[in-house]
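Visitor: For reference, the structure I am asking about is given below.
The values are calculated or read from the model by the stated rules, or taken from the named source; none is laboratory data. The structure displayed is predicted, hence computed values, not measured ones. Positions of Cβ are generated from backbone atoms using ideal geometry, with glycine treated the same way; all protein chains shown enter the neighbour counts. Just the protein is used for accessible areas: all its heavy atoms, side chains included, with ligands, DNA and RNA removed. Shrake-Rupley method; radii C 1.70, N 1.55, O 1.52, S 1.80 Å.
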Amino acid sequence: MATSPRRVLIIGGGPCGLVTLRNLLERGEFEDVQLVERRDNIGGVWYQSRNEHANDDSDPLAASRSRWPTPAYPALIGNVIPEFLSLSGYPFPTPPREGQPFPTLRETYDYIAAFARPLFERGKIRLHHEVVDVAEIEAEDGGGWRVAMTDWSKGSGSGVSLKEERWDAVVITTVWYDNAYYPDVEGLDVKLTGRVLHAQTWRGPSGYEGKHVVIIGNANSANEMAAQLVPVAQLPVYRSTRRVSIFPSLPDDCIEDVGPVSRYSRGANGKITVHLQDRTIDDVDYVLFGTGYYPDVPYLRVLGPAVGTSDRARRSLDRLTHRHIQPIRVPSLYRHVLYAHNTSLAFIGALISFTPFAMADLTSTWLALAWSSPAGAGAGTGTRTGSKVTVPPTVASRLTDEQDRLQMLHQLRSETDNPSDLVSFHFLGRYELPYAQVARAEIVRAAPELGDVLAPWDDAQDARRFAMYATKLDSLYVLAGKTGEP
């Protein structure tokens, strides 16, 4: 495997991919680093294409028919303040308004676009390139990764071309948001009727006028959908939850919280009956899921066990990720970043963070140094001095990190009969700050000049991060035209 790869391909042009591109170019030692993005522009979930804007807002199914739907919608206001959206060396502008410090979709996209502009100018980003296969190459054949992609730059039909390239290393940043998560509940096949939708395709309340709606979930997406439906939908809007929400939302008598769903059935009129543990809700027009996403990269194949007994026995190519891995995760990762069996494969964005922009900045900087040769070992695009970050030398030692996390997760989930979905493999919760502090310390030991550039990841920063929840609640009162809690 290539422990110090020279040519690196980054897949995905969202914030994770873009900051990884910048950090590998400026903080690492590589011959070539490129990024490919399947859509017509960068921005990831923060970008809505012209086609998405042109969709009929009065049709709740319109977004679900998009080739690559994004969970962003025009009226979206984020949940993270500018400090934690700022990529190192590139501060996020303060929104120009009182009482609402959280940037809008447009403001966030404009920031990302400005950050990406120099990377476009350097010719490091290719748009309209959809990766359809990433296959690990055996060491006997030179190692690396064979990447197949569809070039949509000349449109569909006869203008489409297929390409195959070979890279020493690959960074995958498209981990979560293609994969809407639906709980395993009896009768959920009613989604085939078009009446069961996910926050991934939410575009606002238009089209739900007078409709009878049940929301599933109690995190940010579910709370926002419920609040936006109140002025237009049939009341009450039901919100099914398993526990009291810890996410900021305003109390509203028009939203009725109910317990978990035990099953769904299709009524005689084509509508849905939602069966709770203690009652039923009949004649439901839509069930909207705000239940998050699961990690899956369907185009990725890694080498499995050897097949055959000869000296040239071949190894099969198998999918690394799929929906039914338990606990839900990208398996075999060291520090949630490097694939333990072949460290020339990395994931930025697999880790679920309170502050995802800042975490992607930190982990991709760590990756740039982990993959780079020590100073003087070879020419590259960066100007870093000092030694690189070290990674455990054996597969077994790298897998210890995952095993420790699995053991801790099992302990945490066993402490309650009804564990939250937030108690999950890639969501570190209270362990996020120690994780980040270890990564930052390793970075600064390898590249001391970055100590004044990166976010501090100290207790004061964490206190400001925690205070965002109260700030968000205050901003919701401001948006609602209220001066404070009743």
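Visitor: Based on Cα coordinates alone, diagonalise the gyration tensor for the range 231-289, multiply each eigenvalue by 5, take square roots, and list the semi-axes in whole Å, largest first.
Guide: 22, 15, 9
Visitor: Taking only DSSP H segments of four or more residues, each worth -39500 (n - 2.57), what value at 222 nm results for the chain once the sum is divided by all its residues, to the nearest 500 deg cm²/dmol?
Guide: Mean residue ellipticity at 222 nm (helix-derived): -8000 deg cm²/dmol.
Visitor: Report, for the chain, the % of DSSP beta bridges that are antiparallel, rounded to 5.
Guide: The answer is about 50 percent antiparallel.
Visitor: If I fit a long axis through the Cα atoms of helix 105-121 and take the longest principal axis of the Cα atoms of the chain, what angle between them do I get, 0 to 90°, rounded to 10?
Guide: Its long axis makes an angle of about 20 degrees.
Visitor: Can you pull the one-decimal nm distance between simple spin-label points at N418 and T94, each 7 Å off the Cα toward Cβ?
Guide: Roughly 4.3 nm, to one decimal.
Visitor: What does the highest-first list of 201-207, 456-462, 24-30 look like by mean Cβ count within 10 Å?
Guide: 24-30, 201-207, 456-462
Visitor: Still on this structure, please answer the following. Determine the sum of side-chain charges near Y294: Lys and Arg each +1, Asp and Glu each -1, restricted to other residues whose C-beta is under 15 angstrom from that of Y294.
Guide: It works out to a net charge of -1.
Visitor: Expected output is a single nm value to one decimal: the length gained when fully extending between D458 and T193, i.e. 0.36 nm times separation in residues minus the C-alpha distance. What is it?
Guide: 90.4 nm
Visitor: Working out 0.36 nm times the residue gap between H322 and S262, then minus their Cα-Cα distance, what length gain in nm do you get to one decimal?
Guide: Roughly 19.1 nm would be gained on extension.
Visitor: Report, largest value first, the span of the C-alpha coordinates of the chain along each principal axis, in whole Å.
Guide: 67, 55, 53
Visitor: Leaving out ligands, DNA and RNA, what percent of the accessible area of the range 146-232 is carbon and sulfur, probe 1.4 Å?
Guide: Exposed carbon and sulfur together represent 49 percent of the surface.
Visitor: Another one. To the nearest 10 degrees, how steep is helix 432-446 against the longest Cα principal axis of the chain, on a 0 to 90 scale?
Guide: 20
Visitor: Quickly rank 135-146, 354-365 as a protection proxy: mean count of other C-beta atoms within 10 Å, highest first.
Guide: Listed from highest to lowest mean packing, they are 354-365, 135-146.
Visitor: Right, here's the next one. For E186 and S245 in one chain, what is 0.36 nm times their gap in residues minus the Cα-Cα distance, to one decimal in nm?
Guide: This chain segment gains 18.8 nm when fully extended.
Visitor: Now, a different point. Over all directions, the average projected area of the alpha-carbon convex hull for the range 90-169 comes to how many nm²?
Guide: Averaging across all directions leaves 8.6 nm² for the Cα convex hull.
Visitor: Separation between the T390 and K154 pseudo-spin-labels, each 7 Å from Cα along Cα→Cβ, expressed in nm?
Guide: 5.2
Visitor: Given axes a ≥ b ≥ c from the Cα gyration tensor, I'd like to know whether the range 202-260 is rounded (a/c under 1.5), prolate (a/b larger than b/c) or oblate.
Guide: Cα axes put the range 202-260 in the prolate bin.
Visitor: What percent does the relative contact order of the chain come to when contacts are Cα pairs within less than 8 Å and at least six residues apart?
Guide: Normalised by residue count, the contact order of the chain is 19 percent.
Visitor: Give me the accessible area per residue for the chain, probe 1.4 Å, as a whole number in Å².
Guide: 45
Visitor: Convex hull over the Cα atoms of the range 189-236, averaged projected area in nm²?
Guide: Averaged projected hull area, Cα only: 3.5 nm².
Visitor: Can you check what the net charge comes to around A463, using other residues whose Cβ is under 15 Å from the Cβ of A463 (Lys, Arg +1; Asp, Glu -1)?
Guide: -2
Visitor: Same structure, new question: Once the Cα atoms of helix 395-413 and of the chain are each reduced to a long axis, what angle between those two axes, in degrees from 0 to 90 to the nearest 10, is obtained?
Guide: Once rounded, the angle reads 20 degrees.
Visitor: Rounded to the nearest percent, how much of the accessible area of the range 82-145 (1.4 Å probe, protein heavy atoms only) is carbon and sulfur?
Guide: 54
Visitor: With each label point set 7 Å from Cα along the Cα-Cβ vector, what nm distance links V444 and A139?
Guide: 3.7
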